[in-house]
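Heads up, the thing below is written out as structure tokens.
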Amino acid sequence: QVQLVESGGGLVQAGGSLRLSCAASESIFGINVMGWYRQAPGKQRELVAGIFSSGSTIYAGSVKGRFTISGDNAKNTVVLQMNSLKPEDTAVYYCNEKVAGGPEYWGQGTQVTVSS
């Protein structure tokens, strides 16, 4: 079974930076979009950023200009560079990869905590 493995979470002060990485345990054919979601305590999971196989990207309004997503479709890896972090960015971050018309894969989640 394919697994997505995330790394790079942790504790950082407000204004700091973190880099999240995600890699698939084996090759996945036909990935259409890769992305990062997050879920804060008591809130629903929300899309943070996504990158399509075309290279186009999408960001949540709250992170636009601070976060940058990049990915390698062939290697099934996706990275989220997070700068100017705020306490409200505190959440568990999940990697996601979707096959066009097919299955969807999730990572186990990595905790990001931003202190004020």
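The values are calculated or read from the model by the stated rules, or taken from the named source; none is laboratory data. Just so we're clear, the structure is a prediction, and the values are computed from it rather than from any experiment. Every residue, glycine as well, gets a Cβ built from its backbone with ideal geometry; the counts of neighbours run over all protein chains shown. To get the accessible areas, we keep the full protein, side chains included, count just its heavy atoms, and leave off ligands, DNA and RNA. Shrake-Rupley method; radii C 1.70, N 1.55, O 1.52, S 1.80 Å.
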Discussion item. So for region 47-65 (the condition being in contact with a Phe, Trp or Tyr (Cβ under 6 Å, 6 or more places away or on another chain), surrounded by 14 or more Cβ atoms within 10 Å (Cβ to Cβ) and closer than 17 Å to Q3 by Cβ), does at least one residue qualify?
Written reply: no
Fill in: Positions within region 69-94 being crowded, with 18+ Cβ neighbours inside 10 Å, modelled with pLDDT of 95 or more and not in a strand (DSSP E or B), in sequence order
L85, D89, T90
Fill in: Residue identified as open to solvent by 40 Å² or more (accessible area, probe 1.4 Å), touching a residue at least 12 places away in the same chain (Cβ under 8 Å) and closer than 22 Å to V2 by Cα among E26, E104
E26
Worksheet entry | Inter-residue pairs, beta-carbon under 9 Å, first surrounded by 13 or more Cβ atoms within 10 Å (Cβ to Cβ) and in region 7-23, second among the aliphatic types (A, V, I, L, M) and assigned to a loop (DSSP other than H, G, I, E, B), 6+ apart | V12/L85; A14/L85; G16/L85; L18/L85
Worksheet item: Out of the residues in region 37-55 that are out of contact with any strand residue (DSSP E or B) (no Cβ under 8 Å at 6 or more places or on another chain) and of a type in the set (G, A, S), which is farthest from S21 (Cα to Cα)?
Response: G42
